[in-house]
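Student: Quick one: the structure is below, and I'll ask about it shortly.
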Amino acid sequence: MKIVIILSVLALLAGCTTRWTEKQKEEFAEKCSKTDSIDGLTFFLTGFDYDEIKNIMIKRIHNGQIVDSFYLQPPPKITFDSIRTRYLASIDRSLYLKDSFQFVIQGHEPFFLSDMEVGMKAQFTMFSEGYGCGMRAYKINGVRFEGANPNFIRKGFKYPWEKE
């Protein structure tokens, strides 16, 4: 009886598994590479007190000119780590990859986000293989980073466990 149950579960799991063909992956990667914007952006703010980041001005710069600006109020309760040094925030609008963005946090030097690139990213679940199009690389103040989420770090910030 136990063997029948185990085989039934394995058969069910095998039947639910989906895989992308190489052709599907290539077509999706091509489509993703032609993307000119990213819908929304999630980023981190590290080393700041909430009072410092509760009202961030973001300026959109197109061809060297400021063409738009808006304010962002990160949620006060959402922190990424247990010692409350890393906040998570999101922009709920499309960002054009060829534009640059200046993040102004009162009392600090501005951060410049530029040279954003998107790419195909794996999105696996227990039962399926999937892919999405997301942030792959970017520059903050001219320094190149690779990864999905930019991290704006307060100048001079060190975690408590880091040596002086």
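Student: Counting just the residues of segment 113-130 that are modelled with pLDDT under 85 and either of a type in the set (Ser, Thr, Tyr) or in a loop (DSSP other than H, G, I, E, B) (or both), which one comes out surrounded by the fewest Cβ atoms within 10 Å (Cβ to Cβ)?
Tutor: Taking the candidates together, the pick is MET126.
Student: Cβ-Cβ below 9 Å, separation at least six or inter-chain, first residue in segment 122-145 and charged (D, E, K, R), second assigned to a loop (DSSP other than H, G, I, E, B): which pairs?
Tutor: GLU129/THR17; GLU129/ARG19; GLU129/TRP20; GLU129/GLN123; ARG136/GLY147; ARG136/ALA148
Student: Still on this structure, I have one more. Filter segment 16-59 down to the residues that are basic (Lys, Arg) and not in a helix (DSSP H, G or I), then identify the one that is farthest from LEU88 (Cα to Cα). Can you show your working first?
Tutor: The first filter runs over segment 16-59 and keeps only residues basic (Lys, Arg), leaving 19, 23, 25, 31, 34, 54, 59.
After this cut, where a residue has to be not in a helix (DSSP H, G or I) as well, the list is 19, 34, 54, 59.
On the way: ARG19: 32, LYS34: 28, LYS54: 12, LYS59: 19 Å.
Step by step, filter segment 16-59, then rank; the result is ARG19.
Student: Now a separate question. Here's a check for you: in segment 131-145, which residue that is closer than 17 Å to LYS59 by Cα and not β-branched (Val, Ile, Thr) is surrounded by the most Cβ atoms within 10 Å (Cβ to Cβ)?
Tutor: So in segment 131-145, the residues closer than 17 Å to LYS59 by Cα come out as 138-142.
Still in the list and also not β-branched (Val, Ile, Thr): 138-139, 141-142.
Details: TYR138: 24, LYS139: 16, ASN141: 11, GLY142: 8.
In this case the residue turns out to be TYR138.
Student: So, one more: For segment 66-112, enumerate the residues that are in contact with a Pro (Cβ under 6 Å, 6 or more places away or on another chain), modelled with pLDDT under 95 and aliphatic (A, V, I, L, M).
Tutor: ALA89
Student: Of all residues being among the aromatic types (Phe, Trp, Tyr) and under 19 Å from TYR138 (Cβ atoms) in segment 38-69, which is surrounded by the fewest Cβ atoms within 10 Å (Cβ to Cβ)? Just the residue, please. If you could, list the steps in order and put the result at the bottom.
Tutor: From segment 38-69, those among the aromatic types (Phe, Trp, Tyr) are 43-44, 48, 50; that's our starting set.
Of the ones still in play, those that are also under 19 Å from TYR138 (Cβ atoms) are 43-44.
Details: PHE43: 22, PHE44: 16.
Among those that are among the aromatic types (Phe, Trp, Tyr) and under 19 Å from TYR138 (Cβ atoms), it is PHE44.
The values are calculated or read from the model by the stated rules, or taken from the named source; none is laboratory data. All of these numbers come straight from a predicted model, not from anything done at the bench. With ideal geometry, Cβ positions are generated from the backbone for all residues, glycine too; neighbour counts draw on all protein chains shown.
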